[in-house]
Amino acid sequence: QVQLAESGGGLVQPGGSLRLSCAASGSSFSLATGGWYRQAPGKQRELVASITSGGRTTYADSMKSRFTISRDNAKNAVNLQMNDLKPEDTAVYYCNGWFRGQSYWGQGTQVTVSS
């Protein structure tokens, strides 16, 4: 059974940075496509960024210049570096992983951007 655990969320001021991490247990994240999604109150869940097992990355247009997704294979994790955060980035951020054709989700971590 694959489990994903997010960490790194919190409260940050506009213009600040946060680094989210998603650690997998039960399977190797290096063989899976990993992704970050977010859901703001009253809105649908949306893709933030994803990374394939081969390292190909995809970003939502509004986050492409500010966010970076990466792998840490030593920690069996996928990370999301978020810079120049804006109040509209406030949301619950969810980690997703595709392992052997099956999708798994983490429980989510809250990111709040506010002064």
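The values are calculated or read from the model by the stated rules, or taken from the named source; none is laboratory data. Bear in mind the structure is a predicted one, so any value in this text is a computation, not a measurement. Using ideal geometry, Cβ is built from the backbone for each residue, glycine included, and neighbour counts are taken over all protein chains shown. The protein model used for the area step is the full one, side chains on, heavy atoms only, and it has no ligands, DNA or RNA in it. Shrake-Rupley method; radii C 1.70, N 1.55, O 1.52, S 1.80 Å.
From the list SER53, SER65, exactly one residue is closer than 19 Å to GLN13 by Cα and part of a loop (DSSP other than H, G, I, E, B). Which is it?
SER65
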Review point. Looking at (1) under 20 Å from GLN110 (Cα atoms); (2) touching a helix residue (DSSP H, G or I) at 6+ places or on another chain (Cβ under 8 Å), which is the only condition TYR94 fails?
Key: (2)
Point to revise | In the stretch 29-41, the residues that are modelled with pLDDT of 95 or more and more than 16 Å from TYR104 (Cβ to Cβ) | key: ARG38, GLN39, ALA40
Practice item. Pull up the stretch 1-13, narrow it to residues that are over 12 Å from GLN107 (Cα atoms) and in contact with a Gly (Cβ under 8 Å, 6 or more places away or on another chain), then point me to the one that is least open to solvent (accessible area, probe 1.4 Å). Key: VAL2
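On the given criteria, is GLY108 among the small types (Gly, Ala, Ser), on the phi > 0 side of the Ramachandran plot and at pLDDT below 95? Talk me through it step by step, then tell me what you get.
Details: among the small types (Gly, Ala, Ser): yes; on the phi > 0 side of the Ramachandran plot: yes; at pLDDT below 95: no.
The answer is no for GLY108.
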Review point. What is the residue count in the stretch 64-107 for residues that are touching a Lys or Arg at 6+ places or on another chain (Cβ under 9 Å) and either open to solvent by less than 20 Å² (accessible area, probe 1.4 Å) or closer than 23 Å to VAL2 by Cα (or both)?
Key: 11
Review point. Checking GLN102 against (1) over 15 Å from GLY35 (Cα atoms); (2) more than 15 Å from the chain's Cα centre (by Cα), which test does it fail?
Key: (1)
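Restrict the check to the stretch 42-62 and report whether at least one residue is closer than 13 Å to LEU20 by Cα, free of Cβ contacts under 8 Å to residues at least 40 places away in the same chain and either open to solvent by 20 Å² or more (accessible area, probe 1.4 Å) or touching a strand residue (DSSP E or B) at 6+ places or on another chain (Cβ under 6 Å) (or both).
Yes: the stretch 42-62 contains one or more residues that are closer than 13 Å to LEU20 by Cα, free of Cβ contacts under 8 Å to residues at least 40 places away in the same chain and either open to solvent by 20 Å² or more (accessible area, probe 1.4 Å) or touching a strand residue (DSSP E or B) at 6+ places or on another chain (Cβ under 6 Å) (or both).
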**Study point:** Complete set of residues in the stretch 14-40 that are more than 18 Å from VAL2 (Cα to Cα), in contact with a strand residue (DSSP E or B) (Cβ under 8 Å, 6 or more places away or on another chain), open to solvent by 40 Å² or more (accessible area, probe 1.4 Å) and not in a strand (DSSP E or B)
**Key:** PRO14, SER17
